[in-house]
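Taking it in order: structure first as structure tokens, then the write-up.
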Amino acid sequence: MQTARVSWYFGQKLLAARLSRPVPPPERLRDRPMPDRRRILADLRALLEQDWHNIAAGHYAMPADDWGSPIAELRRAVDFFADLGSVEARRQAGLGGRLPAPAAKYPRYYLQNFHFQTDGYLSEASAERYDHQVEVLFGGGAAAMRRQALVPLRAALLRSGGAASARLLDVACGTGALLREVKRNYPRLSVTGLDLSAPYLAVAQRRLADWSRVELTEGAAEAMPFDDGGFDIVTCIYLFHELPPRTRRQVAAELARVLKPGGTLILVDSLQTGDAPDYDGLLARFPLAFHEPYYASYLAEDLDGVLGPGFVRDDSALAYFSKVVAYRRKSCGEVEHNI
Ligand SMILES: C[S@@+](CC[C@H](N)C(=O)[O-])C[C@H]1O[C@@H](n2cnc3c(N)ncnc32)[C@H](O)[C@@H]1O
């Protein structure tokens, strides 16, 4: 199944690259190490093998895509290629845009065409296209990378006394891809998703319609509408690389505030410089090809430092283009003792 899946998305990735004009990297990036296609495919294979081992070890259930019929999938591919011309025009012009949205409702940095995608995060069409776009970008590896969060999640639930009594928050839940996997594995777990995009939350609502104990809330990660210490587990998947450094710190403070002492924070985000040295050049070029205005600052960010003394790193692993890091929120006594 995974071979067919990877062929489908990796094929579209190669075709999309053919249809686009490469953006030449600036001189300073030309000598940085770049993985070739063989290396990327080998790492994708390693991710899928890890995924398989995780399933065999009982960390999570066999995945099941919810993309509907093959015709629906074909339609999504057609839509992706129909939109590619506009994305390519923005890429060639280097225009990340300024989206026409009420400035009072959204932070300024958010109103851009992240990834040069049409409408940024603020339309129904963008929300419907998003998961397909991301799978093509990662050649069919996006869902498997995200699933790696379920390994520390299982450990956290075992520690917290089980799914039926725990509460999980997914910050920047987007179209609900992680929450769907979480609910497939733990139907009795109470989950909340937070995101700034109403259209993305609408897709999440649809994908999570089969489960109870699901709440989806529109709001900003830097000012979450939740009580202090209300959650046992907080997940945050592919958000940090999209935030300006100052906002990253505000979000980190909010993550600490809403998490119970002793609770678990699970971050999944892009590799950073030095995590896999052969990838450093590719990571440095990435924000030029896919408008990511704060990615360069993320590459050099000290995640432990951003989260501060309130967290202790429990576990971390690399997964293809991503890293998965689990932190434990210290109790007040522990923080004071360390200071
Ligand atoms: C790259 S997507 C990741 C979505 C999802 N976590 C996933 O794994 O596919 C980034 C998401 O973060 C949301 N977002 C960006 N800035 C945000 C903020 N300050 N507060 C809440 N959501 C935010 C966007 O609307 C988008 O859904």
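The figures follow:
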item: Yes/no for Arg206 being outside any loop (DSSP other than H, G, I, E, B) and surrounded by fewer than 17 Cβ atoms within 10 Å (Cβ to Cβ); result: yes
item: Subset tally (residues that are within 15 Å of the ligand (Cβ to nearest atom), open to solvent by less than 40 Å² (accessible area, probe 1.4 Å) and either within 21 Å of Ser316 (Cβ to Cβ) or touching a Cys at 6+ places or on another chain (Cβ under 6 Å) (or both)) for the stretch 240-266; result: 10
item: Pick from the stretch 22-43, criterion under 30 Å from Ala317 (Cβ atoms) and charged (D, E, K, R), ranking: most open to solvent (accessible area, probe 1.4 Å); result: Arg38
item: Every residue from the stretch 180-192 that is more than 20 Å from Leu255 (Cα to Cα) and open to solvent by 10 Å² or more (accessible area, probe 1.4 Å); result: Arg180, Glu181, Arg184, Asn185, Tyr186, Pro187, Arg188
item: Qualifying residue in the stretch 28-42 (condition: among the hydrophobic types (A, V, I, L, M, F, W, C), over 20 Å from the mean Cα position of the chain (by Cα) and farther than 29 Å from Gln148 by Cα); result: yes
item: The stretch 133-161, subset open to solvent by 10 Å² or more (accessible area, probe 1.4 Å) and without any contact (Cβ under 8 Å) to a residue 60 or more places away in the chain, residue nearest to the ligand (Cβ to nearest atom); result: Val134
item: Filter result (more than 7 Å from the ligand (Cβ to nearest atom), open to solvent by 20 Å² or more (accessible area, probe 1.4 Å) and outside any loop (DSSP other than H, G, I, E, B)) within the stretch 216-234; result: Leu216, Thr217, Glu218, Ala223, Asp232
item: Unmet requirement for Trp211, which otherwise passes all of (1) more than 10 Å from the ligand (Cβ to nearest atom); (2) hydrophobic (A, V, I, L, M, F, W, C); (3) at pLDDT below 95; (4) open to solvent by 10 Å² or more (accessible area, probe 1.4 Å); result: (3)
item: Looking only at the stretch 162-179, and only at residues there that are open to solvent by less than 30 Å² (accessible area, probe 1.4 Å) and assigned to a helix (DSSP H, G or I), the one that is farthest from the ligand (Cβ to nearest atom); result: Ala163
item: Condition met for Ile237 (near the ligand (Cβ under 9 Å from one of its atoms) and within 21 Å of Val312 (Cα to Cα)); result: yes
item: Count of the stretch 74-108 residues which are within 22 Å of Asp131 (Cα to Cα) and either of a type in the set (S, T, N, Q) or touching a helix residue (DSSP H, G or I) at 6+ places or on another chain (Cβ under 8 Å) (or both); result: 14
item: Filter pass, Val6 being touching a residue at least 60 places away in the same chain (Cβ under 8 Å) and open to solvent by less than 30 Å² (accessible area, probe 1.4 Å); result: yes
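A quick yes/no check of all residues on (1) more than 16 Å from the ligand (Cβ to nearest atom); (2) over 23 Å from the mean Cα position of the chain (by Cα):
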site: Ala64; (1), (2): yes, no
site: Trp67; (1), (2): no, no
site: Arg75; (1), (2): yes, yes
site: Val78; (1), (2): yes, yes
site: Gly85; (1), (2): yes, yes
site: Ala93; (1), (2): yes, yes
site: Pro107; (1), (2): no, no
site: Asn113; (1), (2): no, no
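The values are calculated or read from the model by the stated rules, or taken from the named source; none is laboratory data. Keep in mind it's a predicted model, so treat the numbers as computed, not measured. When we count neighbours, we look across all protein chains shown, and the Cβ atoms used for this are built from the backbone with ideal geometry, even at glycine. Only protein heavy atoms, including side chains, enter the accessible area calculation; ligands, DNA and RNA are left aside. Shrake-Rupley method; radii C 1.70, N 1.55, O 1.52, S 1.80 Å.
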